[in-house]
Amino acid sequence: MTPAIRLRLTGLQKSFGATRALRSVSLAIAPGEVHALIGENGAGKSTLMKILSGAHAADAGTMELSGQSYQPENPHDARLKGVAMIYQELNLALHLTAQENILLGAESTRWGCVDQATSRARAQTALEQLGHGGLALDQKAGDFSIAEQQIIEIARALLLQPQVLIMDEPTSSLTQADTEKLFATISRLRAQGVSIIYISHFLEECSRIADRYTVLKDGETVGSGAMKDATLDHLVTLMTGREVKDLYPRTPHQPGAVVLAVKTAVLARFAGRNVSSGHGSSVQPTCSLEVRAGEIFGLAGLIGAGRTDLLRAIFGLDTLTRGEVCLIGADAQAATPRHRWQQGVGFLSENRKEEGLMLNQSIADNLTLTKMNTFGRGGWVQQNRQQRAAQHWVDALRVKCRDSAQTISELSGGNQQKVALARLLEHPAQIFLLDEPTRGIDVGSKAQIYQLVSELAAAGKAVVIVSSYLPELLGLCDTIGVMCRGELTAIRPRADWSETDIMRAATGST
Amino acid sequence: MHATLKTILAKSGPFIGLILVIAFFSLPTETREYFLTYNNFKIIFTQTVIVAIGALGMTMIIVSGGIDLSVGSTIALTSVVGALLIQHGWGPIAVLLAVIASGGLIGLLNGSAIAGLRMTPFIITLGTLGVARGSAKWLADNQTVNYDSSPLNSWMTTANPFSLTLPTGVWVALVLALLTSLLLRHTVFGRHIFALGSNEATARLCGIATKRLKILIYVLAGCFFGLAGLFQLSRLRQGDPTVAVGLELDIIAAVIIGGASLSGGVGTILGSMIGALIMAVLRNGSQQMGWPTYFQEIIIGLVIIVAVFLDRLRQGRAAA
């Protein structure tokens, strides 16, 4: 017996002006199936999701939901018809309570007033369906962790008993442990017969959680099938249209002298949280590390373990409660971002949109912001020199854009990240502090950034990488240190680590 | 080709607005005779000077992501200071420098408070608005400060309708506009102002001394406001502590009509100057049409809203 089809898309097309976002997309999902939708940035995933959720209408093609023609007029209509969407950026009103957020737009009312008892029961039911019945309904959404906020968001989507649930990059801001919990939630929903479209750049995740997959490339379905029959290499080849034989290049490099050292540093956020020293007394959690020229040093750990804090403290964006940061040939006292750039240290923020880039300024301005004064004399900026410098990196890193005067917000995430990284190259930095350098970007750009980092090490630069994506750290780094609750607990050569070891160290379960 | 056309439209938006407003007042029979004459434009230019010079400073502040509500009060205070110094027998150059310096001093207070106390510019300058206005009245003993005569008085005059030359104030505003435009577009200081307004976190991360930069911006803008105060004094020929109430709103409106964004990172001096001219042309035209002042106020209010709305529409289309 063939299983019934819950959602079937046939030959969908959509153009924006002269741009053909979708050329021909087809997709079929059974009830209780988790379906991974895979594709590089710009492959048409977002457009497809917008059509499914009713934000756009397709130009051609058909959509069927449980055998009926499905043509949502707007996102609300889509929700009523049984298609709910969870966006990558969480959409919660942070000042309202969990309950209010779950029921937002679908409040139970009695004579125009919110019916508290019914509302509470409905919110509770939705949470229990997710296996999170214990969540405090009266707590403000902003006081929950990101993972809990996501649960609230999913609960909201479940309120109207959707047949199809679309999740866009649900794990991009989750830790490994929270990802596991999310997967348990997804399995629960699958068992209840909900069809789930799961969009993610993390192929390993897709292959773990999804039953079937569909790969989009340039607005077309280029492959689909059962996940258990597909290898990661096969998926990557479908997505990029080329063989990615080795995602993690190993340009040979020899670590040299120590150029950066952190000595018994206590991070400000963890100063008050003592840990047991093993002799009955308790001490403050500390971090010590040494990074050599030509070495790639990875910092692993759960989100909130202090990896970003440590990187920011090295760069002078945060202060240390105790301990010190030593740089070769530099004054340890001069620890502001301004001095760090002068000392040859560059920092790539994990938060491209809010901190890393000036979105409404040009590529050239973004790329050269640390060294404006070098493009002319007496405080004058010669724009042709500035643009020439930027254009060099645009070409070298194959940034897709009109020219270096284009506004950065018009670029895709991967290309934005290349510009953010090029700022460190142009400066040029000797020590690279990279916080989640490949978050939310497509495989092609990722491969390019790995290649670049490897070449930097070969050229004798020191690189410190913070990442939540373990295959990346294990593939790229020479040395990996793991942080847990503000403490840098273990530093070993890469060969001595496995994913399981790292997770154990990161969760403090040794 | 299509893209270039869009860029031209996006860049010349305020200019098209100015031409439309001028055309509007050139057509009716009541104004046709006089409106498009050189003499009338001499008057319009002269009437624009104070708002225009204020808009130079305000553009820097708004591009940096800030705002200054104390401009009207600063102009009143500095013009009172100027009048008192003339009373005490200071020469015109000394008065000029002292008035600019006192404007810069108020800017220093604003900037230091904003950067040092990490408070929003809106609140700080709302406070300074009261402090400066009160100080002006205190200094002036709550009355106008009169003086016999000063060479200053000729800087804003259009008294001789047959003279072809523009008053000093217009030339000063033009030259300063040119210099400030170069400053914003082509210097490290100017590019850092855009960086600060576009994303303060990025500016800090990239090693820009954001506190010092903020203070510098408010000081420099304060100097412009002081100069505007001097021209206010030259126009009235007396120091009046109750003058220029609410002028900051006209100045902010000029900058916004000129295409700047209140969220920072966007704005041009040329746009702001055209914005200032649009408002002056509207005033001048309305007067010649014999419209009552309340009607002018309504029209200018609507123009601000329409201008910003059109700007957003244009930006949206440019991005698509």
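Rule-based calculations on the coordinates, nothing more; no lab input. Every value quoted in this text rests on a predicted model; they were computed, and no experiment measured them. All Cβ positions, glycine included, derive from the backbone under ideal geometry; neighbour counts span all protein chains shown.
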- Calculated log₁₀ intensity ratio I(q)/I(0) where the Debye formula runs over C-alpha points of chain B, q = 0.06, 0.11 Å⁻¹: -0.21, -0.70
- Task: Please give the average number of partner chain Cβ atoms lying within 10 Å of the Cβ of each residue in A:380-386, rounded to a whole number.
- Result: 3
- Item | ³J(HN,Hα), Karplus 6.51/-1.76/1.60, whole Hz, each residue of segment B:71-84, x for Gly, Pro | 4, x, 5, 4, 5, 4, 4, 5, 6, 5, 4, x, 4, 5
- Of all DSSP beta bridges having both residues in the protein assembly as shown, the percent classed as antiparallel (nearest 5) is 55 percent
- Arrange the following residues from fewest to most other Cβ atoms within 10 Å of their Cβ: B:150, B:64. B:150, B:64
- Query: Among the aspartates and glutamates, which have Cα under 13 Å from the Cα of residue B:211 when same-chain residues fewer than 8 positions away are ignored?
  - Reply: B:200
- Item | chain B: calculated mean residue ellipticity at 222 nm from DSSP helix runs of at least 4, using -39500 (n - 2.57) | -25500 deg cm²/dmol
- Note on the structure: Cross-link reach from residue A:217 to lysines, straight Cα distance under 20 Å and at least 8 residues apart if same chain, gives A:14, A:45, A:50, A:245, A:400, A:446
- Item | Relative contact order, percent, chain B [alpha-carbon distance under 8 Å, six or more residues apart] | 34 percent
- segment B:162-191 and segment B:88-157 have their Cα centres apart by a whole-number Å value of 21 Å
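Average partner chain C-beta neighbours within 10 Å, per residue of B:205-214?
Mean shielding by partner chains, rounded to a whole number: 6.
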- In a Gaussian network model over chain B where Cα atoms closer than 10 Å are linked, find which of B:290, B:197, B:271 has the largest mean-square fluctuation. B:290
- Item | Number of partner chain Cβ atoms within 10 Å, mean per residue of A:360-372 | 5
- Ranking A:44, A:310, B:12 by how far each Cα lies towards the positive end of the charge dipole of the protein assembly as shown (+1 on Lys and Arg Cβ, -1 on Asp and Glu Cβ), the top one is B:12
- Message: List the residues, sorted by chain then number, that are 5 or more residues from residue A:225 or on another chain and whose placed amide H is less than 5 Å from its amide H.
- Response: A:213
- Task: Round to a whole angstrom and tell me the spacing of the C-alpha centers of segment A:69-108 and segment A:24-68.
- Result: 18 Å
- Task: Starting from the Cα of residue B:137, draw a straight line to each of the aspartates and glutamates and keep only those under 16 Å, dropping any in the same chain fewer than 8 residues away.
- Result: B:240
- Over what distance in Å are the Cα centres of segment A:114-166 and segment A:440-470 separated? 38 Å
- Note on the structure: Subtracting the Cα-Cα distance of residue A:24 and residue A:228 from 0.36 nm times their residue separation yields 70.9 nm
- Message: Among B:157, B:168, B:187, which one shows the highest mean-square fluctuation when chain B is modelled as a Gaussian network with alpha-carbon springs under 10 Å?
- Response: B:187
- Ranked from fewest to most other Cβ atoms within 10 Å of their own Cβ, A:92, B:230, A:434 fall in the order A:92, A:434, B:230
- Taking the Cα-to-Cβ direction at residue A:146 and at residue B:310 and moving 7 Å from each Cα, how far apart do the two end points lie in nm? 4.4 nm
- Query: Calculated from DSSP H runs of 4 or more alone, at -39500 (n - 2.57) each and per residue, what is the 222 nm mean residue ellipticity of chain A, nearest 500?
  - Reply: -9000 deg cm²/dmol
- Using the Cα centre as the reference, give the magnitude of the dipole from point charges on the C-beta atoms of segment A:7-240 (Lys, Arg: +1; Asp, Glu: -1; all else neutral), rounded to the nearest 20 debye. 480 debye
